[in-house]
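Colleague: Following this message is one structure expressed as structure tokens.
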Amino acid sequence: MHEVVADVVVVGSGAGGGTVAQRLVPLAERGRKVIVVEQGPRFRDRDFDGNELRMARALYADAGGFLNEEGTLTLAFARAYGGSTVVYTGTSLPPPERVVRQWAVPGLAHDDLVRRARRYVGENNVHLLPDEEINENNRLFVGGCGAAGYSAHQFPVNVKGCRGSSLCNLGCPNGAKQGTHKVQLPSAEAAGVEVVTRAEAIRVEPGAVVVRVHPSEVGGPGTPPEWEPGSYRIRAPKIVVAGGAIGSSALLLRSGLGSGLPVLGRGLTVHPALILVGEHDHDVSNDVGHPKSFYVDRAADEGFLLETCTYFPFVTAKSLTGFGPAHERFMRAFPRLQMILVLACDRALHRNRVTVARDGRPAVHYAFTPELVRRLAAANRASARIFFGAGALRVHAPLADPQVLDAKDAQRVDELVAPSNFQPGRCSVSAAHLQGGCRMGLDAAESVTDSWGRVHGHPWLRVADASLFPDAIQINPYLTIMALADRVAEGVLADM
Amino acid sequence: MAGSSGDTRGTLGPVWETFRAIACVVVPASEELDADGWAGFERIVQSALAARPEGIRRRIVLFVRALDAMARLRLGSGLASAEPLAARRFLEGIERSRVSLVRRGFWGVRTLALMGYYGRPEAASEIGYAAHPDGWSARGLSAGAWPTRSGQGTAEPNVMVAGDEGETSTDA
Ligand SMILES: Cc1cc2nc3c(=O)[nH]c(=O)nc-3n(C[C@H](O)[C@H](O)[C@H](O)COP(=O)(O)OP(=O)(O)OC[C@H]3O[C@@H](n4cnc5c(N)ncnc54)[C@H](O)[C@@H]3O)c2cc1C
Ligand code: SF4
């Protein structure tokens, strides 16, 4: 095993890890060694060719098909230099005050998070797209919301030079999306922080991280690893784990930290999501233009969010419930489909958790509660009203019976959509907002870290990613994650 | 059914004919695929399975076998030789089964069939999906020049944007 010496090791380079890497630049400038190990590859813009299956395989865990142990929920998270910011859509919202208050983490104030988020709003070029860049899919949503009595808000997005490819979730071919792979990591590297890709942290221990560097896949996209493939022990007095909600819990559990931290891995929330489509009588520009420009926030009142979206042929096909001629008819109407992503706000529950399988791989246990299904049904109803309000001829709503609603059913949406129509394992539920598992809190009995990401009882170890959330954030999470990571990095700087 | 590849390699090799019959029910248009189309379909499915853990691969093969056995009991023939409408009704019952294990197994098989069909590059043009890295300009359009019928303006933003440090809360 090769031995390497550093001052700080950061595991993971996504929204959390990328932020920490950049905030530790003052250490690198003082000649201290900061190393980021990232298990995914480093991609170049030209690697992102928009091919759905190839990109899913290159970028996502289990090619985008990572399932919970119950087989009822698909979890989407990326493995790459930049983590899931490489595949996110770049919608940028600060944490809701109401949620941070409910979290009630001693020492964590909403104002502080907002102040830190603001820094990244500036750095990552967060702005509202001008009206002329809004595509028809989004305009229909706004119009439908107006007709159905919902207020639609425009998402600020973090793009620079967006050409409107609509391919955000397969990696931006134009280098326009300002994830940590475009902003924080390159600036950290330029200042002397070392980032090693294809480098998987196998376990952490006091004063060291054990890492395996994997070779490139022959003919696969991405650059080769910066270090020779093989096993390494990186000795460092400070370790920051930012492997994402699943990766961080799994790494700490694999490292044997579960015994002193009874809630480690627990309280996972994911914002379970369904994709709904409405068919119009004319082409909707759903495959050109930035995909996600508007949303409806009913989190505080009804426990759900509605967002515009665009998906690719296979993901769309998989997300529509059913099969056969009715399913095919929607797919053949692809250019005429308006799309809405509904996200339910779930609550952190002890039983929804990350564990590790015998081979060390992460496993996720997640069950739907009746309350959550009611929220999904309410979101289905609201979406159906918005589709019909926008002029859709037919709507596919997985919680309706029948699942295809015609315009003549528009007045009967409340009656036709019901929680009882939800069958886990039949409806395709997915999730991309993975949160919790290393929750912040007061002590080891009820949390994993304090409000600065310090792991209780392990002063050498911090966590800096979405796993810190004590409960669902109820809005798109990345700015909150960056704000928390910013705090964690400040703590590391203070320690050193 | 046009263009059977007869390929018995890969995870689904032993149950390929049954899986293919299921795929034709899930995506009726796959009946129209020629030999090259099926070869592309099969390549996608087999390589997706090859990347999955051994346990999952074994379970999928077992589930396809179990479906075929159930079909024999219910329909009097295996799925590869069942009458298409009867096969569809049978699989609709499976999809709505009260037994969660059965629903989940079918969801997995259905997902593979949809991937095989809609994952083919040709499927994009068949259904009119035309996303392109060059976005608006690939359509010969500048941003927003797409003809719009809905014509609504934007809603009031409730945001935090670069250069404007005003509004900060997303609370309604
Ligand atoms: C398709 C999609 C669209 C999204 N859109 C939005 C959006 O528009 N707005 C928004 O706010 N959020 C969005 N999100 C969510 C957002 O991207 C994530 O919440 C955020 O990136 C999570 O940050 P993180 O640091 O916790 O984890 P990640 O960004 O996922 O980074 C974790 C990194 O750690 C690495 N890692 C894990 N374990 C190890 C290990 N043992 N060794 C080495 N490396 C390891 C992983 O490979 C990964 O690169 C989206 C997510 C997805 C998947
Ligand atoms: S829509 Fe814009 S930001 Fe998204 S992938 Fe295309 S060019 Fe990049």
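The values are calculated or read from the model by the stated rules, or taken from the named source; none is laboratory data. The structure displayed is predicted, hence computed values, not measured ones. Cβ sites come from the backbone with ideal geometry, for glycine too, and all protein chains shown count toward neighbours. Heavy atoms of the whole protein, side chains included, go into the accessibility calculation; ligands, DNA and RNA do not. Shrake-Rupley method; radii C 1.70, N 1.55, O 1.52, S 1.80 Å.
Colleague: In nm, to one decimal, how far is the modelled label at B:Leu85 from the one at A:Arg358, with both set 7 Å along Cα→Cβ?
Modeller: So the two model labels end up 5.0 nm from each other.
Colleague: Follow-up. In whole Å, what is the distance between the alpha-carbon centres of segment B:104-122 and segment A:277-340?
Modeller: Measuring centre to centre over Cα atoms gives 18 Å.
Colleague: What's the buried accessible area, both sides, between A and B using a 1.4 Å probe, rounded to 100 Å²?
Modeller: Separately minus together, A and B give about 6200 Å² buried.
Colleague: Now for a separate question. Which order do peptides A:377-383, B:125-131, A:197-203 fall in by mean Cβ count within 10 Å, highest first?
Modeller: A:377-383, A:197-203, B:125-131
Colleague: Taking all pairs of different Cα atoms in segment A:195-247, averaging 1/r and flipping that mean, what Kirkwood radius in angstroms comes out?
Modeller: 12.2
Colleague: Let me ask something else. With a ≥ b ≥ c the root eigenvalues of the C-alpha gyration tensor of chain A, is it rounded (a/c under 1.5), prolate (a/b larger than b/c) or oblate?
Modeller: Prolate, because a/c is 1.5 or more and a/b exceeds b/c.
Colleague: Below 17 Å, Cα to Cα, which lysines can A:Lys408 reach? Residues fewer than 8 away in the same chain don't count.
Modeller: Candidates past the 8-residue exclusion: nothing left.
Colleague: Something else: Nearest 10 degrees is fine. How inclined is helix A:110-123 to the longest principal axis of chain A, computing both from alpha carbons?
Modeller: Here the helix axis deviates by roughly 90 degrees.
Colleague: In addition: Quick one: with all protein chains in place, what share of the accessible area of segment A:150-218 is carbon or sulfur, to the nearest percent (1.4 Å probe)?
Modeller: C and S fraction of accessible area: 50 percent.
Colleague: How many partner chain Cβ atoms sit within 10 Å of a residue's Cβ in peptide B:14-27, on average, as a whole number?
Modeller: Mean partner shielding for this stretch: 1.
Colleague: Kirkwood Rh over alpha-carbon pairs of segment A:35-135, then Stokes-Einstein at 37 °C and 0.692 mPa s: what D in µm² s⁻¹, rounded to an integer?
Modeller: 195
Colleague: How far, in degrees from 0 to 90, does helix A:136-148 lean away from the longest principal axis of the Cα atoms of chain A, to the nearest 10?
Modeller: 60
Colleague: Can you sort A:His2, A:His127 by 1.4 Å-probe accessible area, starting with the largest?
Modeller: A:His2, A:His127
Colleague: Return the whole-Å distance between the Cα centroid of segment A:180-254 and the Cα centroid of segment A:420-468.
Modeller: 21
Colleague: A further question on this structure: Longer than 19 Å from Cα to Cα, which of A:Lys160/A:Lys292; A:Lys33/A:Lys177; A:Lys177/A:Lys292 are they? Say none if no pair is.
Modeller: A:Lys33/A:Lys177
Colleague: Another question, if that's okay. Does anyone have the angle between helix A:478-495 and the longest principal axis of chain A? Alpha-carbon axes, 0 to 90°, nearest 10?
Modeller: Helix A:478-495 and the main axis of chain A meet at about 10 degrees.
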